[in-house]
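Quick notes on the structure that follows.
The values are calculated or read from the model by the stated rules, or taken from the named source; none is laboratory data. Computed from a predicted model, the values in this text were never measured in an experiment. Quick reminder, even Gly has a Cβ in these numbers, built from the backbone with ideal geometry, and neighbours come from all protein chains shown. Just so you know, the surface numbers come from the protein's heavy atoms only, side chains and all, with ligands and any DNA or RNA stripped out. Shrake-Rupley method; radii C 1.70, N 1.55, O 1.52, S 1.80 Å.
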Amino acid sequence: VTYEAIKIPKWSSLSEMHPVDYYSSYTKNCTGEFTKQEVRNIRAFYYAMCAETDAMLGEVISALRDTGLLEKTIVIFTADHGELAMEHRQFYKMSMYEGSSHVPLLVMGPGIKEQQQVPNVVSLVDIYPTMLEIARIPVTQNLSGHSLMPLLCGKAENEASPRGPRPSWVLSEFHGCNVNSSMYMLRTGKWKYIAYSDGRSVLPQLFDLSDDPDELTNLAIKFPVIVHSLDKILRSVVNYPKVSSSVQEYNKRQFMMWKHSLGQNYSNVIANLRWHQDWLKEPKKYENAIDKWL
């Protein structure tokens, strides 16, 4: 890794951060001070791991070539998430920013057009129907994804597709740890729209990725018509206020069962969980907040 070439991402001040981003940064212990060298080192380690992975992929391809299998093997390389690597004052994943949600997807093999970069937005849910088509197994009609083979072979996508053209958008949603709200991302063309919770209690985010690839300027207030249009598409795909409500009910129910199983010891258990050392500073404050929530 060329250390000097590593860029330091621009950070918003803590007071300017979106509330969900601030919470994520806080729970990942990223709200403190970091020197430029520390940030550059964190990013260098990540890039070095990417380089190592690339070399390992080369070993797989070399083994296929040496055994005479390369000409009849399709190789698909992808990942389940990216690494923020200190972008937006965060590391790890659990975010709809490009560093987390935009994953690699490389495909090579017989019948696949070489040296092409497909501009269409596609999703990990497209991989299953793609593999079915490769194996000549009929694709069922109720799948969320669409085979990537037309795109990979350089054909028009609506060419002989019984399921019709793929949507012009991709969807991602997350309800897990290090966020304080369910989040839903719709990506179409140059726009990325992120809705939270019930769609009203938390401000959405809108980014123009062509003009703002680093996703530093939330345009949601500036372009209400686009927000309304994208939100309408999102709601046609998933009733996200209803899903968010179900997630909240589930979380509360499961937490109550967990808390009951531990008895009075639950506070000490939380204090020793990963990333929750701050609990020890004001345990009563947090216990009272939990009681109020329950």
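Building the convex hull from the alpha-carbon atoms of region 247-293 and averaging its projection over directions returns 3.4 nm². Sorting Asp126, Asp80 by solvent-accessible area of protein heavy atoms yields Asp80, Asp126, largest first, with a 1.4 Å probe.
Averaged over its residues, the chain has an accessible area of 62 Å² per residue, based on protein heavy atoms and a 1.4 Å probe. Heavy-atom accessible surface of Cys50, to the nearest 10 Å², is about 60 Å², with a 1.4 Å probe and all protein chains retained. What is the Cα centroid distance between region 44-82 and region 120-154, reported in whole angstrom? Region 44-82 and region 120-154 have Cα centres spaced 21 Å from each other. At the residue level, Lys232 shows approximately 140 square angstrom of accessible surface with a 1.4 angstrom probe and all protein chains present. Could you work out the local net charge near Glu16, counting Lys and Arg as +1, Asp and Glu as -1, over the other residues with Cβ closer than 13 Å to its Cβ? Net local charge, Glu16 excluded: +1. Against the compact-protein benchmark of 2.2 N^0.38 Å, the Cα-based radius of gyration of region 162-285 scales to 1.37. Each residue of region 214-226 is assigned a 3J(HN,Hα), and the resulting list reads 8, 6, 9, 10, 7, 9, 4, 6, 6, 10, x, 5, 5 Hz, derived from the Karplus form 6.51 cos²θ - 1.76 cosθ + 1.60 (θ = phi - 60°), x at Gly and Pro.
Each residue of region 196-206 was assigned a 3J(HN,Hα) from its phi angle through the Karplus expression (A = 6.51, B = -1.76, C = 1.60, θ = phi - 60°), giving 10, 6, 8, x, 10, 6, 10, 4, x, 10, 9 Hz with x at Gly and Pro. Computed with a 1.4 Å probe over protein heavy atoms only, the accessible area of Val202 comes to about 30 Å². The value of relative contact order for the chain, using C-alpha pairs under 8 Å at least six residues apart, is 12 percent.
Look at the alpha carbon pairs under 8 Å that are at least 6 residues apart: their mean separation over the length of region 16-163 gives a relative contact order of 17 percent. Ordering Glu38, Glu287, Glu33, Glu215 by accessible surface, largest first, gives Glu33, Glu38, Glu287, Glu215; the 1.4 Å probe counts only protein heavy atoms, with every chain in place. Within the same chain, aspartates and glutamates fewer than 8 places from Lys252 are excluded, and of the rest, those with a Cα less than 13 Å from its Cα are Asp291. For the set Met86, Met108, Met149, the ranking by accessible area, highest first and with no ligand, DNA or RNA atoms included, is Met108, Met149, Met86 under a 1.4 Å probe.
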